[in-house]
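Coordinate-derived values only; no laboratory data. Keep in mind the model is a prediction, meaning the values are calculated, not measured. Don't worry about glycine lacking a Cβ; one is built from the backbone with ideal geometry, like all the others, and counts go over all protein chains shown.
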Amino acid sequence: MQRSLSAIQPTGVVHIGNYIGAISQFVKLQDETEAFYFLVDYHAMTVPFDPKELNKNLLQVAATYLAAGVDPTKATIFQQSQVSEHTELAWILACLTKMGEAERMTQFKDKASKHAERASVGLFTYPMLMAADILLYDTNIVPIGDDQKQHVELARDLAERFNKMYGETFVVPQPMIKKTGARIMALDDPMKKMSKSSVSPKGYIALSDDDKTIAKKIRSAQTDSVGTVGYDPNHRPGISNLVTICSEITGSSPAQIIKEFEGKGYKEFKEVLAQVLIEFIAPIRTHQAELLADKGELVSILNNGSARAREVAEKKMKQVRSALGIKL
Ligand code: AMP
Ligand code: TRP
């Protein structure tokens, strides 16, 4: 059976872009593959963070995974820092990565420019930790949003390089990126990606937003002056983004949605979209709150998942040590 693996950073809220680009794929793949989905708390330390917040976010994001349909009886759900092989392999992969390769990573360039003098070395080596996350599990498929493609390509390059230099050890993973919905844009600025770290919460719809907030954010989402519901991401990014969100949540194609709103304006479309999102998010929000009321159960799911992940990772690291000549 093929293995799928992916992860989310336990920072901030989980938004509808994360769901459409990544989590919706997890829910599907957990039935078709042996699945590993986890929380990358070490990645969350690459920018300044507050330990109390990180602790809270770990449980919150775990609850969101479950509420959105990731099922611990099907997928192994775990915490990165509980499996120390991740950081061990990351060091080895860092020794295999060229400075130039790491410097080309667009996410590093973006984030480093935002954090300027505070950019950490960890932010620079982040893609090697991500490569370790993937390669430790002999992963075949990595379901992700568009922004992570370059990181998975680096993981592929490192797997191939290691295999060539030290003998066949790693499976070369494939990214799995949706044709549409892989890059949901910010509601208040459709030229930018919807992001947890947006300055303003107006840019994203969180899976924990209440009905009123959802309606308000959709109502104020940026469109254009054309006035008709259309789909043309290059020329009309705002309305096209809203149509994409609607399409991904309802399963209707953009063409069907456009047809349905022929002769109607943005206001009517936004009202329907808000209702679609409210109906989609309300049960997730309620389930998430219920799960968070019993932290013991969440912690036990993560501990059990981590124990299972450790078994796989320990085995792989033994092979890696042996290939590198450090096993005595
Ligand atoms: P992160 O929030 O960076 O931990 O991302 C978790 C997953 O969601 C990754 O697979 C991302 O590629 C995906 N993702 C993040 N933002 C978006 C977005 N705006 N549209 C689609 N997918 C996204
Ligand atoms: N870097 C990814 C993100 O920000 C999260 C991540 C870490 C990941 N390790 C991974 C995704 C391994 C897929 C596979 O979204």
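Below is a table of values for the structure above.
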{"quantity": "Zone of Met191's modelled label, taken as backbone nitrogen in the range 217-243 under 17 Å from a point 7 Å along Cα→Cβ", "calculated": "222-225, 233-241"}
{"quantity": "Hull-based mean projected area of the range 150-190, where the convex hull spans the alpha carbons, in square nanometres", "calculated": "3.7"}
{"quantity": "Qualifying trypsin sites (Lys or Arg not before Pro) in the range 64-154, DSSP loop, other Cβ atoms within 10 Å at most 10", "calculated": "Lys98"}
{"quantity": "Cleavage-rule hits (trypsin sites (Lys or Arg not before Pro)) in the range 249-328: DSSP loop, at most 16 neighbouring Cβ within 10 angstrom", "calculated": "Lys264, Lys327"}
{"quantity": "Sequence-distant residues sharing a close amide H with Phe38 (under 5 Å, placed H)", "calculated": "Ser6, Ala7, Ile8, Phe78"}
{"quantity": "Amide hydrogen neighbours beyond the local backbone of Gln174, cut-off 5 Å, H modeled", "calculated": "Ile141, Val142"}
{"quantity": "Spin-label pair Arg161/Gln256, simplified geometry with 7 Å Cα→Cβ offset, distance in nm", "calculated": "4.6"}
{"quantity": "Placed amide H near Leu207: partners under 5 Å, 5+ positions off or other chain", "calculated": "Val14, His15, Ile16"}
{"quantity": "Distance histogram in 10 Å bins (all Cα pairs of the range 60-161, percent per bin)", "calculated": "13, 40, 35, 11, 0"}
{"quantity": "Once the Cα gyration tensor of the chain is diagonalised, semi-axes √(5λ) in Å", "calculated": "36, 22, 19"}
{"quantity": "For the range 221-317: Kirkwood Rh in Å [reciprocal of mean 1/r, alpha carbons]", "calculated": "16.6"}
